[in-house]
Amino acid sequence: MSKFSPLFFLIPLLLIPLLLLGKSTFANPTQEGIDNYFSDYNHSDTPGASVVIIQNGTVTYSRGYGLANLEEKIPVTLQTNFRLASLTKQFTATAILLLVQENKLSLNTKLQEIVPSFPDYARDITIRHLLNHTSGLFDYENLIPTSQVSQISDGEVLTLLKQQTGLYFSPGSQYRYSNGGYVLLGLIVELITEQSFSQFLKQNIFNPLEMKNTQMYEGEHSLITHRAYGYTKVGATFTKTDQSITSATKGDGGVYTSASDWILWENSINHNLLISNSLQDTAFSKGKLNDGSFTSYGFGWMLDTFKGWIHQYHTGSTIGFRTATDRFPEKKLAILVMINRANANPWEISQSIAQLFF
């Protein structure tokens, strides 16, 4: 179990301004402008959306739109759990960094040291390569047999990767986004801690931060409370498209969370409640290739600039959900948009909202 500093006892005090959810500091025209971005979701008979805006440590806007469950007419609230898809990678990276902080592994630890049965073609892959998407591993989605009918598990992903005989490129020589790399990172947490990845996240991240709604989807038996279901518009109606064959993998996209819980997560980043400032800075640093050039990805975060300002962000996309988060640390601004329908563009909405602050 991870050891936490006495700072955790101060969390309730640090969160007092954050728990004042509402639309307290925007002028009315700005409120209306933000609502306009969600006009397609603000209906009593369509899948909806959730948005949170945090500036200077205070929630300045938060709202749910539309329905989380069309069949039962359940509206989206700030407690509604959306599937994060690839925004999950932030939690996976933090789990690994907690183990680094506890000296249970290092960023230069090799994959074969933890999984000795992994083929020799992967002998040079390190933890850092997996975090930075520079491992060269094949996309496991392309390796799933056409005969597969049940949701693929993390263990099955590992088996598929171990059956390969090579890589797209030598580790560290290129960048290529890899869901499989993050599935392996979740499995590495399990191998080192001898507990399930979901248990580790709950015990070391979700519970300490009091993220009471946040859960890991572990297969069709999982009971996700306050759950939003995913949908796709077909013609004039919406069809439930909540799960796919890859929806049961964990480290790459299995976390469900709510807007209210995300506020706690954002606060933990700002105050280094889980990992040290130096490790957090490393997570927000661009990956470096063997030739000395840099990629635009850190550890669970995409990195660039927005109108000249540092921009830390990520997007998520799965069969019935679209998500996006944008952070501008110099502006002390963070935005989260979650939508429970396909063919949505929360990343465009989030950056349109960001424009209001620049």
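General observations
- Residue-wise HN-Hα coupling along the range 353-358, computed from phi with Karplus coefficients 6.51, -1.76, 1.60 (Hz; x: Gly, Pro): 5, 4, 4, 5, 9, 10
- Cβ-based charge dipole, the range 249-358, positive-most Cα from 297, 335, 279: 335
- C-alpha long axis of helix 259-270 to longest principal axis of the chain, angle in °: 60 degrees
- In order along the range 231-239, the Karplus-derived 3J(HN,Hα) couplings, from 6.51 cos²θ - 1.76 cosθ + 1.60 at θ = phi - 60°, round to 9, 10, 7, 10, x, 9, 10, 9, 10 Hz, and Gly and Pro are given as x.
- Fluctuation leader among 329, 47, 346 - the chain, Gaussian network, Cα springs under 10 angstrom: 329
- Cβ charges +1 (Lys, Arg) and -1 (Asp, Glu), total dipole of the chain, debye: 440 debye
- Between helix 89-101 and the chain: long-axis angle, C-alpha atoms, 0 to 90°, nearest 10: 50 degrees
- Pairs from the table (89/240; 212/286; 162/240; 288/332) lying more than 28 angstrom apart at Cα are 212/286; 162/240.
- Sites residue 106 and residue 233 - FRET efficiency at Förster radius 51 Å, r taken between beta-carbons, to 0.05: 0.60
- The helix-based estimate of mean residue ellipticity at 222 nm for the chain, built from -39,500 (n - 2.57) per DSSP H run of four or more residues and divided by its residue count, is -7500 deg cm²/dmol to the nearest 500.
- Computed from backbone phi with θ = phi - 60° and the Karplus coefficients 6.51, -1.76 and 1.60, the 3J(HN,Hα) list for the range 282-293 is 5, 4, 9, 9, 5, x, 10, 7, 4, 8, x, 7 Hz; x is used for glycine and proline.
- Between helix 28-37 and the chain there is an angle of about 50 degrees, using the helix long axis and the longest principal axis of the Cα atoms.
- Annotation: amide H of residue 63 within the under-5 Å range of 51, sequence separation 5 or more or interchain, hydrogens built in the peptide plane.
- Dipole of the range 82-187 [Lys/Arg +1, Asp/Glu -1 at C-beta], most positive-end residue of 117, 98, 149: 98
- Here the translational diffusion coefficient of the range 123-190 follows from Stokes-Einstein with Rh set to the Kirkwood radius across Cα pairs; for 10 °C and 1.306 mPa s it amounts to 129 µm²/s.
- Extended-chain gain in nm, criterion 0.36 nm per residue less alpha-carbon gap, residue 58 and residue 272: 75.4 nm
- Close amide H contacts of residue 81 (hydrogens built in the peptide plane, cut-off under 5 Å, sequence separation of 5 or more or a different chain): 227, 228.
- The slack in the chain from residue 164 to residue 192, taken as 0.36 nm per residue of separation less the alpha-carbon distance, amounts to 7.7 nm.
- Result for the chain in a Gaussian network model with C-alpha springs under 10 Å: among 294, 82, 200, the largest mean-square fluctuation is at 294.
- The base-10 log of I(q)/I(0) for the chain, evaluated at q = 0.08, 0.13, 0.15 Å⁻¹, reads -0.38, -1.03, -1.37 [Debye formula, identical scatterers on Cα atoms, solvent excluded].
All of the numbers you see were taken from the coordinates with simple rules; none came from a lab. Predicted, not measured: the structure shown is a model, and the values here were computed from it. Cβ sites come from the backbone with ideal geometry, for glycine too, and all protein chains shown count toward neighbours.
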